[in-house]
Amino acid sequence: MSELAAGDTVLSDADTAARVVVNQHKVEDGKASLLITLTHARGSLALTPDHVLELNGKFMPAREAHVGAALSNGAVIEAISHSRGGIINPITVTGKILAAAATGEPVLAATGNEWLADVMLSAYPKYTLSYTLAAAFPAAVQAYYDGALEPLFTAAVPHLTKIKAAAPAPLVGVILVAGDAALATGFAAYSLGLKGVATLAVIAVAAARKGKKP
């Protein structure tokens with residue numbers, strides 16, 4: 001998965017191909033994350049505890065997996081182990097992807113963590129400026145994410161998670177739209193060589209979101 005980039009095409013399920021919007025964590029930062037490895041008769045999959053995948057026919061975070069739970073390919077989990085290591089996460093337009101270890105049969109997972117998986121699995125992202133720009137300028141969007149957004153999102157996600165959990169749904173919707181506009185504006189500035197402006201635009205939105213926390 002580390003070879004993927006914005007604009008590539010992957011299988012989002014057994015019958016559907018989906019475009020990669022952006023591949024998160026492509027730039028190696030040396031950090032190790034907690035990982036859960038789910039082993040089944042036909043392969044395995046390692047992912048973070050809050051990453052969502054299909055378990056017993058429902059999308060659930062990996063930390064809720066247990067031996068005997070059924071994966072999307074019909075195999076059941078035979079063993080669960082924990083480790084630390086690097087992560088990679090291609091975001092697709094459908095919010096889903098077939099994923100596996102280096103060998104073995106893939107299983108269905110979301111391309112988002114628990115805090116935002118419901119949004120990414122909905123129809124909303126397909127109509128955003130961010131996804132539209134990623135379709136039109138994939139290489140530039142991947143560079144924008146790697147160069148400006150990755151460090152910011154890493155720092156902001158814990159705060160955004162709390163805000164989304166506490167805010168009423170209408171306010172979450174407003175924040176998502178405002179965030180999308182800020183990301184698009186930041187991309188335009190970044191593409192014009194105004195990297196500092198791009199970063200400040202996204203930071204301003206993150207600060208505004210934090211300020212609206214009850």
> Which residues, taken from region 64-87, are under 22 Å from the mean Cα position of the chain (by Cα), more than 16 Å from residue 13 (Cα to Cα) and surrounded by 14 or more Cβ atoms within 10 Å (Cβ to Cβ)?
Replying inline: 64, 65, 87
>> Go through (1) touching a residue at least 12 places away in the same chain (Cβ under 8 Å); (2) over 17 Å from the mean Cα position of the chain (by Cα); (3) under 26 Å from residue 19 (Cα atoms); (4) open to solvent by less than 60 Å² (accessible area, probe 1.4 Å) for residue 173 and report which single condition fails.
In response: (1)
> In region 14-50, what residues are in contact with a Pro (Cβ under 7 Å, 6 or more places away or on another chain), under 27 Å from residue 66 (Cα atoms) and part of a strand (DSSP E or B)?
Replying inline: 34, 36
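Return yes or no: is residue 66 assigned to a loop (DSSP other than H, G, I, E, B) and without any contact (Cβ under 8 Å) to a residue 60 or more places away in the chain? So that I can check it myself, show each step before the final result.
Values: assigned to a loop (DSSP other than H, G, I, E, B): yes; without any contact (Cβ under 8 Å) to a residue 60 or more places away in the chain: yes.
In short, yes.
Test of understanding: among 121, 47, 149, 129, which residue is under 16 Å from the mean Cα position of the chain (by Cα), surrounded by fewer than 21 Cβ atoms within 10 Å (Cβ to Cβ) and among the hydrophobic types (A, V, I, L, M, F, W, C)? Explain how you work it out, then say what you get.
Values: 47 fails: surrounded by fewer than 21 Cβ atoms within 10 Å (Cβ to Cβ); 149 fails: surrounded by fewer than 21 Cβ atoms within 10 Å (Cβ to Cβ); 129 fails: under 16 Å from the mean Cα position of the chain (by Cα).
121 is the lone residue from the list that is under 16 Å from the mean Cα position of the chain (by Cα), surrounded by fewer than 21 Cβ atoms within 10 Å (Cβ to Cβ) and among the hydrophobic types (A, V, I, L, M, F, W, C).
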>> Show the residue pairs meeting these rules: Cβ distance below 7 Å; 6+ apart or different chains; first residue within region 99-122 and at positive phi and in the same structural domain as residue 69 (by the TED database); second residue assigned to a loop (DSSP other than H, G, I, E, B) and open to solvent by 40 Å² or more (accessible area, probe 1.4 Å).
In response: 104/42
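The values are calculated or read from the model by the stated rules, or taken from the named source; none is laboratory data. This structure is a prediction, so every number in the text was calculated from the model and none was measured. Because the Cβ atoms are built from the backbone with ideal geometry, glycine has one as well, and the counts that use them run over all protein chains shown. Each accessible area value is taken on the protein alone, full model and side chains, heavy atoms only, with ligands, DNA and RNA left out. Shrake-Rupley method; radii C 1.70, N 1.55, O 1.52, S 1.80 Å.
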